[in-house]
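Scroll down for the structure; my scribbles are underneath it.
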Amino acid sequence: MVLLNLLTFGLWGKLGRLTHYAFDAVLFSAFLAGMQRSTGLTVKTEKLGSENKEIKKWVDKYLGVGEWVMDQSIAIASSSAWFERKGR
């Protein structure tokens, strides 16, 4: 096992850590999307990208991933027998 770890330079551990961070980032983006849908509050991307339009573009894409995850989660939950829609 040590030889395998030496041969791969511990890449499996790094890949697992990178996957964990990516999952956390998507989860946080979905949280922000849910906050926007339930309260109307959203991140001011104009303030983030005032100096660099590339930053604003990447933040908008990041928030778009959260919106997509929310849409997919709602679609899956809607078709599941484990969830029901109640009126407010």
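What are the ³J(HN,Hα) values, in whole Hz, obtained from phi via the Karplus relation 6.51 cos²θ - 1.76 cosθ + 1.60 with θ = phi - 60°, for each residue of the stretch 26-31 in sequence order, with x given for Gly and Pro?
5, 4, 5, 5, 5, 4
Among the aspartates and glutamates, which fall within straight-line cross-link reach of Lys14, defined as a Cα-Cα distance under 16 Å, with same-chain neighbours fewer than 8 residues apart omitted?
Asp24
Report the calculated FRET efficiency for Val59 and Phe31 (r = Cβ-Cβ distance, R0 = 22 Å), to the nearest 0.05.
Working from the Cβ atoms, E equals 0.90.
If the reach is capped at under 27 angstrom between alpha carbons, list the lysines near Lys47, excluding any in the same chain fewer than eight residues apart.
Reachable lysines: Lys56, Lys57, Lys61.
A short reminder: the numbers here are calculations on the coordinates, not readings from a lab. None of the values given here were measured: they were computed from a predicted structure. Cβ coordinates were reconstructed from backbone atoms using ideal geometry, including for glycine residues, and neighbour counts include every protein chain displayed.
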